[in-house]
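The values are calculated or read from the model by the stated rules, or taken from the named source; none is laboratory data. This one's a predicted model, so the numbers in the text were calculated from it and none came from an experiment. Every residue, glycine among them, receives a Cβ derived from its backbone with ideal geometry; neighbour counts consider all protein chains shown. What goes into the accessible areas is simple: the full protein's heavy atoms, side chains included, and nothing from ligands, DNA or RNA. Shrake-Rupley method; radii C 1.70, N 1.55, O 1.52, S 1.80 Å.
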Amino acid sequence: MNLSLVIACRDDPHILKLMETIDVDLPVIVSLVPNEELERELRALGVTVVTSVSGNISISYARGLAAADTESAFIVDSDCLLGPGCLSTVNELLEEAPLARARVEFASTPNIRFSDKIARMRSLDSNTPPLPAWTPGLGLRLEIKHVLGGHFYDERVCWASGAEIDRRVKRANLNVAYSPEAYIVHGPLSLSHALRS
């Protein structure tokens, strides 16, 4: 397997649950907004931690990808969980295609108002073919950076960075492979989070 797992994280202890769902041996890179306690816990797990900034997910993704020294990377957020076999399936997809997407199952909870409706809406958006090159749940070969204009994420785009990279992926006519067996579970979303993204 020539794949790194890149995780964006800001003050989210859920990342430790995510770490428990990794079922293959691969490099893990966390792009972390400074948090000494989380950094200590992650380094104790053998994770590479790179420093990010608050309020700009594009910078977090870009810094995480820059630290990868494998041929490919798979990007998730700290509030996600990996389905069994997800990383192996994505790795196989990336042997044939420049990008790969996992199915994203959006969770809901009665504790977050409208999270059930948001989960249904986001599931339709994220999982209806042709699949967009959105994160979380995006795998890519690092060699395609030059085809995308010399960068993966535009650091001027603080939020909703997936739409911007998806536009460049479509312009470059790059295929996004997909297998429904590769899935992640995204934590419940609030209405404010859904509106920002």
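A compact table of results
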| read-out | value |
| --- | --- |
| Evaluation of LEU138 against (1) at positive phi; (2) at pLDDT 85 or above (one fails), failing number | (1) |
| Selection from region 1-23 of residues that are in a loop (DSSP other than H, G, I, E, B) and touching a Cys at 6+ places or on another chain (Cβ under 9 Å) | HIS14, THR21, ASP23 |
| Residue check, LEU32 open to solvent by 20 Å² or more (accessible area, probe 1.4 Å), farther than 25 Å from LYS170 by Cβ and in contact with a Leu (Cβ under 9 Å, 6 or more places away or on another chain) | no |
| Helices (runs of 4 or more DSSP H) within region 94-197 that include 1 or more residues among the acidic types (Asp, Glu) and open to solvent by 60 Å² or more (accessible area, probe 1.4 Å) | 115-127 |
| Looking only at region 42-67, and only at residues there that are part of a loop (DSSP other than H, G, I, E, B) and open to solvent by 20 Å² or more (accessible area, probe 1.4 Å), the one that is nearest to TRP134 (Cα to Cα) | GLY55 |
| Failed item, numbered, when SER88 is tested on (1) outside any loop (DSSP other than H, G, I, E, B); (2) without any contact (Cβ under 8 Å) to a residue 40 or more places away in the chain; (3) surrounded by fewer than 18 Cβ atoms within 10 Å (Cβ to Cβ) | (2) |
